[in-house]
Amino acid sequence: MHGPDAAPSYSAAERVLILDFGSQFTQLIARRVRESGVYCEIWPFNADPGRLASFAPRAVILSGGPASLTEGTAPRVPGAIFTAGVPVLGICYGEQAMCAALGGAVESGHAREYGRAVFELTAPSPLFAGVWEPGARADVWMSHGDRVTRLPPGFRAVGVSENAPFAAIADEARRFYGLMFHPEVVHTANGAALLRNFTHAIAGCTGSWSMAGFAETAITRIRAMAGEGRVVCGLSGGVDSAVTALLVHRAIGERLTCIFVDHGLLREGEAAEVVGMFRDRFNIRLQHRDAGVLFLAALEGVTDPEEKRKTVGRLFVEVFEEEAKKLGGASHLAQGTLYPDVIESISPAGGPSVTIKSHHNVGGLPERMGFALIEPLRELFKDEVRVLGRALGLPENIVGRHPFPGPGLAIRIPGAITVEKLALLRRADAIFLEEIRAAGLYDAIWQAFAVLLPVRTVGVMGDGRSYDHALALRAVTSSDGMTADAYPFAPAFLSRVAGRIVNEVPGINRVTYDVTSKPPGTIEWE
């Protein structure tokens with residue numbers, strides 16, 4: 001959907017285009033715009049300008065970015081953006097790039113602004129209507145080293161900060177606006193309201209985009225893509241693949257077959273839950289491959305976390321391919337690629353392109369399988385997928401389930417993996433989650449799990465001495481999965497959980513709680 005031969009979007013008539021110049025906050029812009037009921041897409045700054053005519057955005061937002069326009073290699077705004085006759089909002093680097101393209105000047109060597117700053121609105125503007133009056137001062141979030149030193153013809157300054165004389169600019173005649181601060185981050189007061197002013201008041205969007213409309217369009221489009229063919233879907237039990245399966249099933253019914261590769265590294269009871277739900281509750285054809293013995297044999301003696309991931313990924317592809325061949329005749333593969341995966345693969349500042357994402361997050365399915373892809377969620381963020389899942393009738397225990405890494409418990413056991421260690425960790429992890437649910441805390445936590453530490457400790461239990469495993473508990477809060485903070489459990493809660501684990505899981509005699517915000521890299525936590 002983002003390449004030169006991409007299929008049309010799911011979006012309705014009201015669309016906003018975000019050109020990405022590499023900012024760490026670009027996805028936040030899209031989230032804020034969509035939260036106001038306006039559909040938007042993120043394209044790289046160097047996307048083919050010819051696509052603009054077919055996409056027909058109501059407005060364009062230019063993101064921030066790390067480059068400096070004082071360098072010859074800095075990314076530039078395509079000229080077609082300014083001749084399309086639609087409103088344009090430049091944010092940080094986006095404002096600088098807009099000014100540079102339209103006849104202004106940008107210089108380096110001035111005082112930089114990073115972090116919190118105080119913005120003062122100096123003149124009225126539709127962008128700030130109903131948010132701030134001239135003379136108002138507000139906390140905003142800045143992240144720039146260069147600054148605009150001369151405005152292009154037609155622009156005027158409407159706001160300043162200590163180190164940015166053109167912290168907000170406007171050309172009302174052409175509906176071009178610029179902000180040197182980031183309205184998309186929560187640190188900027190009323191930032192979402194400013195973006196809403198731009199998309200609704202200035203660009204004329206009504207905010208009518210919804211998940212219900214998305215679902216109807218997605219089902220119709222899946223039906224057209226699949227034709228009379230058969231589709232296979234890699235099912236993991238997570239919300240992404242579950243929602244994908246439900247959408248495809250609504251579209252083509254029994255011509256969908258889900259393949260569930262059980263690698264023996266799942267949480268307690270998870271395999272049975274997945275099989276029961278999709279076969280019994282949703283009546284979806286499901287091919288369940290119990291490959292736990294195969295995976296454990298391949299992981300024997302493997303201690304490096306990255307090697308574990310690659311081993312699980314390689315076997316997953318091989319087993320999936322075996323099961324797909326048994327079906328015969330399938331023409332399409334459905335998978336739960338999300339918008340962040342797409343953005344990462346095309347980002348001008350990103351890493352290597354990722355063409356296919358496996359549901360186990362352990363590598364892509366090879367092109368030799370010859371499937372055409374159906375990726376109905378590739379325009380959605382995780383929170384939007386959860387909303388869609390609820391609309392489709394997916395139960396809350398799947399919709400709200402904490403993220404689980406593709407290699408599963410393999411990367412929550414530092415060192416060698418054994419059947420004994422898996423059993424200990426699986427039971428302890430289940431107790432931890434049971435207590436979190438019983439306390440009504442599950443939905444307040446982004447991710448909680450147990451890690452079997454690579455040490456054994458001496459302890460006294462009853463009248464005897466034990467030499468058993470140590471366990472670490474981890475729970476974090478996060479809004480987007482990019483940053484996280486430890487959840488502040490009450491001491492009484494942790495004492496209760498630790499007591500249950502030590503008493504109910506023979507082989508564990510010590511339990512700790514990890515309060516670090518960024519866990520050690522040797523233990524995967526995504």
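The values are calculated or read from the model by the stated rules, or taken from the named source; none is laboratory data. Given the structure is predicted, the values throughout are model-derived calculations rather than measurements. No Cβ is skipped: glycine too gets one built from the backbone with ideal geometry, and neighbour counts run over all protein chains shown. Just so you know, the surface numbers come from the protein's heavy atoms only, side chains and all, with ligands and any DNA or RNA stripped out. Shrake-Rupley method; radii C 1.70, N 1.55, O 1.52, S 1.80 Å.
V160 meets all of the listed conditions (1) farther than 26 Å from A84 by Cβ; (2) part of a strand (DSSP E or B); (3) touching a helix residue (DSSP H, G or I) at 6+ places or on another chain (Cβ under 9 Å) but one, namely (3).
Screening L19 against (1) open to solvent by less than 20 Å² (accessible area, probe 1.4 Å); (2) outside any loop (DSSP other than H, G, I, E, B); (3) more than 19 Å from F176 (Cβ to Cβ) leaves a single unmet condition, (3). Residues in the range 24-54 that are surrounded by 19 or more Cβ atoms within 10 Å (Cβ to Cβ), of a type in the set (A, V, I, L, M, F, W, C) and not in a loop (DSSP other than H, G, I, E, B): L28, I29, A30, V33, C40, I42, W43, L52. Could you grab me the full set of residues in the range 489-524 that are at pLDDT below 80, open to solvent by 20 Å² or more (accessible area, probe 1.4 Å) and within 12 Å of F449 (Cα to Cα)? E524 - this is the single residue of the range 489-524 that is at pLDDT below 80, open to solvent by 20 Å² or more (accessible area, probe 1.4 Å) and within 12 Å of F449 (Cα to Cα). As for the range 326-348, it holds at least one residue that is assigned to a loop (DSSP other than H, G, I, E, B), modelled with pLDDT of 85 or more and crowded, with 21+ Cβ neighbours inside 10 Å.
A search for C-beta distances below 6 Å between a residue of the range 378-395 that is of a type in the set (D, E) and any residue that is open to solvent by 10 Å² or more (accessible area, probe 1.4 Å), counting only pairs 6+ apart in sequence or on different chains, returns E379/Y10. P152 passes every criterion in (1) part of a loop (DSSP other than H, G, I, E, B); (2) within 30 Å of the chain's Cα centre (by Cα); (3) surrounded by fewer than 24 Cβ atoms within 10 Å (Cβ to Cβ) apart from (2).
Do the conditions hold for A100, that is, is it closer than 17 Å to P165 by Cβ, outside any strand (DSSP E or B), open to solvent by 20 Å² or more (accessible area, probe 1.4 Å) and of a type in the set (A, V, I, L, M)? Considered against the rule, which asks whether it is closer than 17 Å to P165 by Cβ, outside any strand (DSSP E or B), open to solvent by 20 Å² or more (accessible area, probe 1.4 Å) and of a type in the set (A, V, I, L, M), A100 comes out as yes. Would you point out the residue of the range 267-292, among those that are among the acidic types (D, E) and outside any helix (DSSP H, G or I), that is least open to solvent (accessible area, probe 1.4 Å)? So, considering only residues that are among the acidic types (D, E) and outside any helix (DSSP H, G or I), the one least open to solvent (accessible area, probe 1.4 Å) is E268. When the residues of the range 444-459 are filtered to those that are under 29 Å from the mean Cα position of the chain (by Cα) and in a strand (DSSP E or B), which remaining residue is farthest from P506 (Cα to Cα)? This residue is Q447.
Residue count for the range 57-73 satisfying the condition of being more than 27 Å from the chain's Cα centre (by Cα) and either open to solvent by less than 10 Å² (accessible area, probe 1.4 Å) or not small (G, A, S) (or both): 4. Checked against (1) buried (at least 19 other Cβ atoms within 10 Å of the Cβ); (2) touching a His at 6+ places or on another chain (Cβ under 9 Å), A245 passes all but a single condition, namely (2). Going by what's in this entry, would C258 be described as closer than 26 Å to G408 by Cα, open to solvent by less than 10 Å² (accessible area, probe 1.4 Å), without any contact (Cβ under 8 Å) to a residue 40 or more places away in the chain and touching a strand residue (DSSP E or B) at 6+ places or on another chain (Cβ under 9 Å)? Yes, satisfied. Do we have K326 as among the basic types (K, R) and touching a Gly at 6+ places or on another chain (Cβ under 9 Å) here? Criteria not met by K326. Just one of the listed residues (G264, G253) is in a loop (DSSP other than H, G, I, E, B) and either at positive phi or of a type in the set (V, I, T) (or both), and it is G264. Taking the stated definitions as given, is A486 under 22 Å from the mean Cα position of the chain (by Cα), at pLDDT 70 or above and open to solvent by less than 40 Å² (accessible area, probe 1.4 Å)? Criteria met by A486.
Working only within the range 112-126, note down all residues that are closer than 15 Å to F166 by Cα and open to solvent by less than 50 Å² (accessible area, probe 1.4 Å). The answer is E113, A117, F119, L121, A123, S125.
Quick check on L247: is it under 30 Å from G115 (Cβ atoms) and either in a loop (DSSP other than H, G, I, E, B) or within 25 Å of the chain's Cα centre (by Cα) (or both)? Taking the combined requirement at face value, the residue does not satisfy it.
What's the number of the condition R437 fails, among (1) open to solvent by 70 Å² or more (accessible area, probe 1.4 Å); (2) modelled with pLDDT of 75 or more; (3) in a strand (DSSP E or B)? Against the list (1) open to solvent by 70 Å² or more (accessible area, probe 1.4 Å); (2) modelled with pLDDT of 75 or more; (3) in a strand (DSSP E or B), R437 comes up short only on (3). Mind checking whether some residue in the range 131-143 is of a type outside the set (K, R), within 33 Å of the chain's Cα centre (by Cα) and part of a loop (DSSP other than H, G, I, E, B)? Yes, that holds for at least one residue.
Criterion applied to T418, T457 was being surrounded by fewer than 21 Cβ atoms within 10 Å (Cβ to Cβ), hydroxyl-bearing (S, T, Y) and closer than 23 Å to F489 by Cβ, and the one residue passing it is T457. Restricting the range 163-214 to residues that are in a strand (DSSP E or B) and open to solvent by 30 Å² or more (accessible area, probe 1.4 Å), the residue that is nearest to A30 (Cα to Cα) is F166.
Looking only at residues in the range 1-26 that are modelled with pLDDT under 85 and within 15 Å of the chain's Cα centre (by Cα), which one is nearest to H187 (Cα to Cα)? The extreme case among them is F25. Restricting attention to the range 137-156, the residues that are hydrophobic (A, V, I, L, M, F, W, C), at pLDDT 95 or above and over 19 Å from G64 (Cα atoms) add up to 1.
Does L388 count as modelled with pLDDT of 95 or more and either on the phi > 0 side of the Ramachandran plot or in a helix (DSSP H, G or I) (or both)? Against the criterion (modelled with pLDDT of 95 or more and either on the phi > 0 side of the Ramachandran plot or in a helix (DSSP H, G or I) (or both)), L388 does not qualify. Taking the criterion of being closer than 21 Å to A192 by Cβ and of a type in the set (D, E, K, R), the residues of the range 122-178 that qualify are E133, R137, D139, R175.
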